[in-house]
Ligand SMILES: [Zn+2]
């Protein structure tokens, strides 16, 4: 099994997140987003849609509640896939619960580092490296880059296909690929050094 995509090694944080995801998913081999809500509820948390301020999501441990902003359609472009966006929000709050529940229970203010960890947790949970690597859309992506045809249109066409598959937004999928060393722009040199996915 390869642990590399685009020449990026697995970071310690990603490894921790992946271990936790695997523990929660168990033998589930399908798309993680399809199991997300059942996992959250299995941990004794409820999911509710309520109007929030600037935050898109929140976790309230005193009520064991994950809140998704019910006003997302008013805050974001109407073409946004709000189910996909909610998946990222719920997975982010699940990340806070799994990684930071002791700090939250102690009433500590979460820092930028905590937020970074929760964003990473959501990405790793929803878009596992192995599932990403094995998706059919990755092959034409690699081939286009290797052939020096890594144009904007090709990139985003496959990003949209992958996003639909993993039930995340295209921007979340794009960010995940960037974190794995793959980018739309300036990718030719980096991808050319990769011998295998
Ligand atoms: Zn957060």
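The table below gives the values:
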| read-out | value |
| --- | --- |
| Residue tally, condition in contact (Cβ under 8 Å) with a residue 60 or more places away in the chain and out of contact with any helix residue (DSSP H, G or I) (no Cβ under 9 Å at 6 or more places or on another chain), over segment 6-43 | 1 |
| Subset of segment 92-106 [more than 11 Å from the ligand (Cβ to nearest atom) and touching a helix residue (DSSP H, G or I) at 6+ places or on another chain (Cβ under 6 Å)] | 98 |
| Residue check, residue 196 assigned to a helix (DSSP H, G or I) and either more than 16 Å from the ligand (Cβ to nearest atom) or modelled with pLDDT of 95 or more (or both) | no |
| Selection within segment 65-91 - without any contact (Cβ under 8 Å) to a residue 40 or more places away in the chain, within 16 Å of the ligand (Cβ to nearest atom) and either in contact with a helix residue (DSSP H, G or I) (Cβ under 6 Å, 6 or more places away or on another chain) or under 17 Å from residue 114 (Cβ atoms) (or both) | 66, 68, 72, 89 |
| Residue in segment 152-159 that is surrounded by 14 or more Cβ atoms within 10 Å (Cβ to Cβ) and in the same structural domain as residue 54 (by TED's automatic domain parsing) present | no |
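Residue-wise test of (1) assigned by TED's automatic domain parsing to the domain that holds residue 178; (2) over 28 Å from residue 74 (Cα atoms); (3) within 16 Å of the ligand (Cβ to nearest atom).
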{"site": "19", "(1), (2), (3)": "no, yes, no"}
{"site": "33", "(1), (2), (3)": "no, no, no"}
{"site": "41", "(1), (2), (3)": "no, no, no"}
{"site": "46", "(1), (2), (3)": "no, no, no"}
{"site": "53", "(1), (2), (3)": "no, no, yes"}
{"site": "56", "(1), (2), (3)": "no, no, yes"}
{"site": "60", "(1), (2), (3)": "no, no, yes"}
{"site": "63", "(1), (2), (3)": "no, no, no"}
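The values are calculated or read from the model by the stated rules, or taken from the named source; none is laboratory data. These numbers come from a predicted model, not from an experiment. Reconstructed Cβ throughout: ideal geometry from the backbone, glycine too, with neighbour counts over all protein chains shown.
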